[in-house]
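Trainee: Take this structure first; my questions come after.
The values are calculated or read from the model by the stated rules, or taken from the named source; none is laboratory data. Because the structure is a prediction, the values reported are computed rather than measured. Using ideal geometry, Cβ is built from the backbone for each residue, glycine included, and neighbour counts are taken over all protein chains shown.
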Amino acid sequence: MLILDLDGTLFDTSARWGECEKLAKEKHPIFWRNSSMFWECYQSPRFMNLDKPKWDVITFVQQLIEEKKPEVIAVVSGRSEKQREDTLKQLSEIGIEPNEVVLRAEKDFRKDHEFKSDVVRKLKEKYDQDKVIAIDDSDAVLEYLGKEGEIEVIDAKKIAKRERKENMNTL
């Protein structure tokens, strides 16, 4: 089973973050990041059109799928259910067709590593999978999933660095 994250892993969401930050700072100049306005903006479809595919990671994932041929591909993201339609469109546009897309429920305020560890455990049971490869950009998520046993974790940040290094070596 292959578990994929979205924001920071398959997509660069810094432009969406920036737009929501601007709006929140107008209303809450000091505590903008803790304002519900910021998170409601970021967890809405409003600026998702600004997200950019991270092709180095996407290419790595496509090669991994080709080589390992996982029975199950699941996207597990802290994105809100309100973003499902746009998320499915984004995944289609980059050519990734998961068996499941699990997004955070509206009132789920758990930390990302708690949410994702719980979801991965449930997916392993549901699909009767022993071996899992998880790709994420969060150090905390990678650490917690790595403790789960039989989960190989891959840091998306290192994929990008490896791609740049390989490209530099070919010049």
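Trainee: Scan region 122-140 for residues that are in a helix (DSSP H, G or I) and within 17 Å of the chain's Cα centre (by Cα) and jot them down.
Mentor: Within region 122-140, Leu123, Asp139, Ala140 qualify.
Table: residues versus (1) among the basic types (Lys, Arg); (2) in contact with a helix residue (DSSP H, G or I) (Cβ under 8 Å, 6 or more places away or on another chain); (3) closer than 21 Å to Lys158 by Cβ; (4) buried (at least 17 other Cβ atoms within 10 Å of the Cβ).
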residue: Asn34; (1), (2), (3), (4): no, no, no, no
residue: Cys41; (1), (2), (3), (4): no, yes, no, yes
residue: Pro45; (1), (2), (3), (4): no, yes, no, no
residue: Ile58; (1), (2), (3), (4): no, no, yes, yes
residue: Val61; (1), (2), (3), (4): no, no, yes, yes
residue: Gln90; (1), (2), (3), (4): no, yes, no, yes
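Trainee: Considering only region 54-86, state which residues are over 17 Å from Leu2 (Cα atoms), in contact (Cβ under 8 Å) with a residue 24 or more places away in the chain and touching a Leu at 6+ places or on another chain (Cβ under 7 Å).
Mentor: Lys54, Arg79, Ser80, Glu81, Gln83
Trainee: Let me ask another. Does Leu64 fit the bill of being closer than 17 Å to Leu10 by Cβ, outside the structural domain of Glu40 (by TED's automatic domain parsing) and in contact with a strand residue (DSSP E or B) (Cβ under 6 Å, 6 or more places away or on another chain)?
Mentor: Answer is no for this residue.
Trainee: Now, a different point. Within region 95-113, can you find the residues that are surrounded by fewer than 16 Cβ atoms within 10 Å (Cβ to Cβ) and under 21 Å from Ser36 (Cα atoms)?
Mentor: If the condition is that a residue be surrounded by fewer than 16 Cβ atoms within 10 Å (Cβ to Cβ) and under 21 Å from Ser36 (Cα atoms), then Ala105, Glu106, Lys107, Asp108, Phe109, Arg110, Lys111 are the ones that fit.
Trainee: Then there is this: Let me spell it out: the conditions are (1) under 16 Å from Ala74 (Cβ atoms); (2) buried (at least 18 other Cβ atoms within 10 Å of the Cβ), and Lys126 meets all of them except one. Which number is the exception?
Mentor: (2)
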